[in-house]
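S.K.: Sharing a structure with you now.
The values are calculated or read from the model by the stated rules, or taken from the named source; none is laboratory data. Small disclaimer: the values here were computed from a predicted structure and weren't measured. When we count neighbours, we look across all protein chains shown, and the Cβ atoms used for this are built from the backbone with ideal geometry, even at glycine. Keep in mind that these areas ignore ligands, DNA and RNA; they rest on the heavy atoms of the full protein, side chains included. Shrake-Rupley method; radii C 1.70, N 1.55, O 1.52, S 1.80 Å.
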Amino acid sequence: MKSTLLTPSLKNNESGWLLYSTCGQKRSPSELPGSYGELKIPHGGRDKAISNLSSDTISTSGLKSSVAKEKVALSPTSSCIIPSFESLKSSVSESISEEAAAKKEEEREEEEEDRVLKRDLITFYTLYRLAKMKMFSVAHKTVFVVDHCPYMAESSRQQVECDVLTKSRAQGVIPLAPVSKSLWTCAVECSMEYCRILFDVYPKDKLVNYIVSDSEFHILNTWRREDQSTHELMSALAAVGPPNPREDPECCSILHGLVAAVEALCKITELQHEKRTALMDTAERVANRGRIICLTNAKSDTHVRMLEDCIQETISEQNKLAAGSDRLMAIQQCDLVLVHIYPQGEETLVSDRPKKEISPLLTSEVYSVRAGRHLASKLNILVQQHFDLASTTITNIPMKEEQHANTSANYDVELLHHRDAHIEFFKSGGSSCITGPWAEVVGPNASECDPIIDIWGLYSAGDLHMAGTSTRENGVKETMTLKWCTPRTNSIELHYCTGAYRISPTDVNSRPSSCLTNFLLNGRSVLLEQPRKSGSKVISHMLSSHGGEIFLHVLNSNRSTLEDPPSISEGCGGRVTDYRITDFGEFMRDNRLTPVAESSHDPSGKLPVERAKAQLERYTRYWPMIISQTTIFNMQAVVPLANLIVKEVLTEEDLLTCQKTIYNLVDMERKNDPLPISTYRIMWNELETLVKTHAGATDRHQRVLDCIVACRSKPPEEEERKKRGRKREEREDRTEKNGSKEAEDKSWQESERRVRRFLSACAALTYLLL
Amino acid sequence: MPTVVLMDASLSMTRPVSLDGIEEFQRKNLAVHGLNMLFEHMASNYRLEFTALMAFSSLWELLVPFTRDYNALQEALSNLEDYDKTCLELALQGVSSVVQQEWGNGCPCQVVLVTDGSLGIGKGSLRHSLQTLKHRGDDKKFPLPYPFPTKMFILCIANAEELQMTDAMENLEELLRLSGGDGQIFTVDGPLCMKSVQAMFGMLIDRAYSPFHAVLHCGNLSSDVQVFPRPESVVVDEEVEPIPRAVSTDLEIVGFIEIADISSPPVISRHLVLPIAVNKEVDEVGTGTTDELEEEPSASQMAGKSPNFCVLLHGSLKVEGMVALVQLGPEWFGMLYSQADSKKKSNLMMSLFEPGSDPLPWLGKISHLGPVSEAAENPYGEDDSKSPFPVQPQVKRSYAQNVTVWIKASGLQTDVQKILRNARKLPDKTQTFYKELNRLRKAALAFGFWELLKGVAELLERECTMLPDSAHPDAAFQLSHAAHQLKLASSGDS
């Protein structure tokens, strides 16, 4: 069966529906990175493969079933999430009355939590005001130290069924035994997820250095900006491979990596270097702080203490070294986050410990986490804490299936972003706003919030509550709900936006997430509304992509203090009606900006933006603002010259065009062609004024002026009159316009003289052309 | 930035002020006199400011809600009655709710507290409030700091010596610190009298209510403007750059950008840009033709009739749907655009971007925006069909790549199923089959998940044995090749 791919531009889409397309799978093969040993199509099949390139659409049989499955997971009415977990099966089978009782209990608890939360939020905000993230906070440098010792090769004992969906197809086939990840695999994929979110939200200057430790340390990347991508890290990790279980455990230790981590923190980053150079004598303002996240399997609490002591010692040693080096900086603050990972079903040997000061330079916190999903959610919480992130769930996103284009279902997608996107909400603490969106988040209807609170979609209904509180204790709130708003916005509207923050989807390759991100990446924006119980509609945010990055824009929804200002027509210059609006529009188009490559160096040494200003200066040397003030800019015949004379440099060809324009004007005057407003004399005066302002620029500019002076009609007393000022002269011109015979005679003589000049100019032109 | 005037109406404000032995005024009269002076100033120089008037003693009352009607404020002031003791905490609470009700919690506000510096005794006094600061439940928190950015100006109808005799000064300083520190305490210099109080209010006016005048330049075209409200100084990073940056009084247009390209950028504040007439000889080229005419009937009519660059700029920005990029200082930019309100009135507005070299990622570094004329080929196309914006980042974000995440079981299952689905359609789907297979292999190698490679190899071998007789011979060939390669990879041999 061949599916018909619907494109998002179909007419039904105007209702704001998203379409499930298989965009994620439609990438061209050329985009495949081939860094490490790509599989090659063997010879027999290559020709076929090429001939089949066009039929690249995805088959649908399997797709359908997976879609159905996800629907179960996301449907707001189902009280459980994914049916593949044992614990969950049992909870489903519970009787309905029990469920209802449990729900009531949960409601009560949630109300209590709500109160606690409100308090936390207020404290959170107070803290926030005092501690806005600095440029060189600990978040600037993060070192991951991942244990690569033999015991990390142990299984996490969390099994993943990867042969689930074939069962219906072929009977009698023995399904593949479930696979399970090693502790190493769990550690690596969770740390990569941490980095993925980090790099999505902070593509610049929140740096990661990744170190692997076994019998020695392996540094997989550097602080350099081009090394900051999950791509780079994945390639490096592939080269490292899983831990070798046969290696001598005696030689292996996480310590190698931790020592290397401290050394890495001393190394100066590009940003630190740039800022130090820029600040010169106040370079000491550039701080050196950092965080070490250590993923290991520790033996005991004593072992953990030993590791902490060792780090403390290394810091003192390295700081001494750093004092005498330009490329190193002493560490002013180091936060150690030690995550002890142990297999499922085992007892932990290490106890959790909240953040504690080991020394003025070092703090340490310890988490003991089971491998698998627990580790994943722990690191997700950590990345939120470490980088001031918050979560938003976009609800009610209408999407339709390819197969069922007539029906749509609503989906939710969770996004992470800087918490400032909700600063208004956090600030309002317990006031009006909290009863709005917050009530929706931890609202009484537990089933409604399941998919929201349950970040990973993995908890059974039973331990959902536990999962919720555990995250709250850690100070990270769940998620803010914002509702998809159907009337979309257009790009030519300028919203009053008080912040824009990059997002990262929590579950990046789930179908609803990729559907939403693809919709946005295609250049569309969507407004988001705060869900409120009272019918009022408050649009508070907008999702929009710019250059392949998606941003959550915060829109102002409060009353404006600038309302009802006096209209511009009531103020200075407001009564003038003949502004050259269209001409200035043209001027603005000519002075639009464009990005200039940093490498392109201008001989003048000026930055592009300075050159833009210089261009504005040239373009406005003579620029009358109103129509009745100018003759030349009302004449089509002057346009070629007016456009060229403002240029910084004139080519020989430009010069010729200018001269031709002038001869043409002479010709017009000779034929006595009527002018739009005034007389030829005024026109010549004005043209001369325009060109004079540029005459000093280059020799060719000067020659344009010379040409005008040579060709123009000029009464003998002109020079004298000029001294009395242009304006008076214009007034006299106006009286002259009424005309006296004398003047006409004079102008006749004048024109004769001019014809002579014209002829000599033509001779000059011919000379030039030769 | 709206203002709340919080006027002390306690009995102590009625204390007489002796001038040369003659009792003439109460402190209250002096305060009212000062405030009247402030209101008159605002009415003529700062009339777009919204101001509310509150009076407090042991209770508080909103006498005039936020308004631009300064007559109403003055009138309310003249009818002010005397009440009982001072209880500042409640009144500050009142300010908080009045402001938030009207403007929400994001709008910066100025609070002008006028008091005689006797701040109550016992419970409810400021001293008591501050002493108990740390021993309070969540429901009885001290109202400061406010959730909205606050500038607190405390005007004491008392001189500094008087305040320092008690702990009043200390308490007020603590109050200022709690409010966020962005404000000032003013005291009367010398003996209390009309003049000295006037001088004190004059200092407040200079500090917070003097109109911000600037010159807007676009090359040689320019206009004198008032920027309302006054743009605030901004601290970029308290550690690296602790000195606040202020907006320059020369606003230089750098160039122009389409609205669609600038694309609803985030801004730190918005301001009206109002052209003003400054009395000076109009000497720029091309402006004014009437300056030698006989005397004009009225200055404002005259100003209305002489062409102004702001009006021209506004008109063209509106018609063209563009914004002007304007430089506010070193590495600090903003935009000028036409803003229409619901009543079809429109205005020239300026929004300030976050200070720094690249406040909007999609424009790239602003200092690297140059004139179109320099480009070899017009980046907007000959028919304006193209745009050089948005600037693409060098690295794609995770959601714009086809990243592999297997944290959820479903992610892994979907990827395996995709391969199997294509495997069953070999050799038609060879290209997609290998694409998906390579993606899985690459991720499995990076995650050190060799067990998965083995598993998928087995699955492919199974598919191979289950091929129907009608299958293309190439299908079996591809499947066994792929399975073999995965097995090799799973042993670290690839």
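S.K.: What order, most packed first, do the peptides B:2-8, B:139-145, A:328-334 have when packing is the mean number of other Cβ atoms within 10 Å of each residue? Can you show the working numbers first?
M.R.: Values: B:2-8: 23.6, B:139-145: 15.0, A:328-334: 19.9.
Result, highest mean Cβ count within 10 Å first: B:2-8, A:328-334, B:139-145.
S.K.: As an exercise, identify the trypsin sites (Lys or Arg not before Pro) in region A:631-710 lying in DSSP coil whose Cβ has no more than 13 other Cβ atoms within 10 Å.
M.R.: On the way: sites: A:K647, A:K660, A:R670, A:K671, A:R681, A:K692, A:R700, A:R703; in loops: A:K647, A:K671.
Answer in residue order: A:K671.
S.K.: Pull up all non-local amide H partners of A:K141: gap of 5 or more, or a different chain, and H-to-H distance under 5 Å with H placed in the peptide plane.
M.R.: Result for A:K141 returns A:L207, A:R291.
S.K.: Also: Using the Cα atoms of region B:3-209, I'd like the radius of gyration and the largest Cα-Cα distance, Dmax, both in angstrom.
M.R.: 16.1, 51
S.K.: If you don't mind, there's one more thing I want to ask. Could you pull out every residue, at least 5 positions away or on a different chain, whose amide H is within less than 5 Å of the one on B:A52? Hs are placed 1.01 Å off N in the peptide plane, and Pro or chain starts have none.
M.R.: Hits under the 5 Å cutoff: B:T3, B:V4, B:V5, B:T67.
S.K.: Right, something else. So, counting K/R as plus one and D/E as minus one, what does the shell of residues with Cβ under 11 Å around B:I259 add up to?
M.R.: Values: positive: B:K318; negative: A:E493, B:E258, B:D261, B:E320.
It works out to a net charge of -3.
S.K.: Also: Once the cut-off is 18 Å, how many percent of the Cα-Cα pairs in region A:498-561 end up in the long-distance tail?
M.R.: Details: 894 of 2016 pairs.
The answer is 44 percent, as a whole percent.
S.K.: Through the Karplus equation 6.51 cos²θ - 1.76 cosθ + 1.60, θ set to phi - 60°, convert the phi angles of region B:167-182 into ³J(HN,Hα) values in whole Hz; use x for Gly and Pro.
M.R.: The phi angles translate into 8, 4, 4, 3, 5, 5, 5, 4, 4, 5, 5, 4, 6, x, x, 8 Hz.
S.K.: What total accessible surface area, summed over both chains, is buried at the interface between chains A and B, computed with a 1.4 Å probe and given in Å² to the nearest 100?
M.R.: Values: alone 42020 and 27600 Å², together 54500 Å².
Counting both chains, the buried surface is close to 15100 Å².
S.K.: Same structure, new question: Please give the per residue accessible area of chain B, computed with a probe of 1.4 Å over protein heavy atoms only, in Å².
M.R.: Per-residue value: 41 Å².
S.K.: Counting just the Cα atoms, what span does region B:196-277 cover along each of its three principal axes? Round to the nearest Å and put the largest first.
M.R.: If we take the Cα atoms of region B:196-277, the spans are 54, 41, 22 Å.
S.K.: In chain B, once you exclude exposed GluC sites (Glu not before Pro) (DSSP loop, at most 15 other Cβ within 10 angstrom), what's the longest stretch remaining?
M.R.: Values: sites that count: B:E81, B:E238, B:E239, B:E281, B:E284, B:E292, B:E294, B:E295, B:E377, B:E382.
Between exposed loop sites, the widest span is B:82-237.
S.K.: Accessible surface of B:D358 in the full protein assembly, 1.4 angstrom probe, to the nearest 10 Å²?
M.R.: 70
S.K.: Hey, any idea what Rg/Rh is for chain B, computing Rh the Kirkwood way over Cα pairs? Present the calculation step by step, with values, prior to reporting the outcome.
M.R.: On the way: Rg = 34.6 Å, Rh = 28.9 Å.
Ratio of gyration radius to Kirkwood radius: 1.19.
S.K.: While we're looking at this one, here's another question. I'd like the Kirkwood hydrodynamic radius of region A:598-704, using the inverse of the mean 1/r over distinct C-alpha pairs, in Å. Don't skip to the answer; put the middle values down first.
M.R.: Details: mean 1/r = 0.0663 Å⁻¹.
Over region A:598-704, the inverse of the mean reciprocal pair distance is 15.1 Å.
S.K.: Using a cut-off of 11 Å between beta-carbons, work out the net charge of the residues near A:N556 (Lys and Arg +1, Asp and Glu -1, A:N556 not included).
M.R.: Numbers: positive: A:R559, B:R270; negative: A:E424.
Within the 11 Å Cβ shell, the charges total +1.
S.K.: Something else now. Report, in degrees rounded to the nearest 10, the 0 to 90 angle that the Cα long axis of helix B:194-204 makes with the longest principal axis of chain B.
M.R.: Approximately 10 degrees, to the nearest 10.
S.K.: Using amide H atoms built 1.01 Å from N in the peptide plane, name the residues 5+ places from A:C485, or on other chains, whose amide H lies under 5 Å from its own.
M.R.: For A:C485, whose amide H was placed from the backbone, the distant partners under 5 Å are A:L527, A:E529.
S.K.: Could you give the angle, 0 to 90 degrees to the nearest 10, between helix B:409-423's Cα long axis and the longest principal axis of the Cα atoms of chain B?
M.R.: Computed tilt is about 40 degrees.
S.K.: Moving on. In peptide A:685-691, how many Cβ atoms from other protein chains are near each Cβ within 10 Å, on average? Don't skip to the answer; put the middle values down first.
M.R.: Values: counts 0, 1, 0, 0, 2, 2, 0.
For peptide A:685-691, the averaged partner shielding equals 1.
S.K.: Counting only helical runs of four or more DSSP H residues, what would the 222 nm mean residue ellipticity of chain B come to if each run contributes -39,500 (n - 2.57) and the total is spread over all its residues? Don't skip to the end; give the middle numbers.
M.R.: Working: 14 runs with 168 residues, N = 494.
Result for chain B, helices only: -10500 deg cm²/dmol.
S.K.: Where does region B:409-491 land on Rg/Rh, using Cα atoms and the Kirkwood Rh? Present the calculation step by step, with values, prior to reporting the outcome.
M.R.: Numbers: Rg = 12.0 Å, Rh = 12.6 Å.
Dividing the radius of gyration by the Kirkwood radius yields 0.95.
S.K.: For region A:182-261, state which GluC sites (Glu not before Pro) are in a DSSP loop and have at most 13 other beta carbons lying within 10 Å of their beta carbon.
M.R.: On the way: sites: A:E189, A:E193, A:E216, A:E226, A:E232, A:E247, A:E250; in loops: A:E216, A:E247, A:E250.
Sites meeting the loop and neighbour criteria: A:E216, A:E250.
S.K.: Could you work out the mean count of beta carbons from other protein chains within 10 Å of each residue's beta carbon in B:214-220? Please report the intermediate quantities before stating the final value.
M.R.: Working: counts 0, 0, 0, 4, 10, 12, 9.
The shielding value for this peptide is 5.
S.K.: Then there's this: Across peptide B:316-323, how many C-beta atoms of other chains are within 10 Å of each residue C-beta, on average? The partial results should precede the final answer.
M.R.: Working: counts 11, 4, 3, 5, 8, 4, 4, 2.
So the per-residue partner count for this stretch is 5.
S.K.: Follow-up question, since we're still on this one. Using a Förster distance of 41 angstrom, determine the FRET efficiency expected from the C-beta separation of B:V278 and B:C193, and round it to 0.05. Don't skip to the end; give the middle numbers.
M.R.: On the way: r = 35 Å, r/R0 = 0.86.
Once rounded, the FRET efficiency stands at 0.70.
S.K.: Counting other Cβ atoms within 10 Å of each Cβ, which trypsin sites (Lys or Arg not before Pro) in region A:212-283 have at most 15 and sit in a DSSP loop?
M.R.: Values: sites: A:R224, A:R225, A:R246, A:K267, A:K275, A:R276; in loops: A:R224, A:R246.
The qualifying sites are A:R224, A:R246.
S.K.: Treating the angle as unsigned and between 0 and 90°, give the value, to the nearest 10°, between the Cα long axis of helix B:430-447 and the longest Cα principal axis of chain B.
M.R.: Around 60 degrees separate the two axes.
S.K.: Given a Förster distance of 41 Å, report the FRET efficiency between B:A376 and B:D250 from their Cβ-Cβ distance, rounded to the nearest 0.05. List each step's numbers first, then the result.
M.R.: Numbers: r = 33 Å, r/R0 = 0.80.
The computed FRET efficiency comes out at 0.80.
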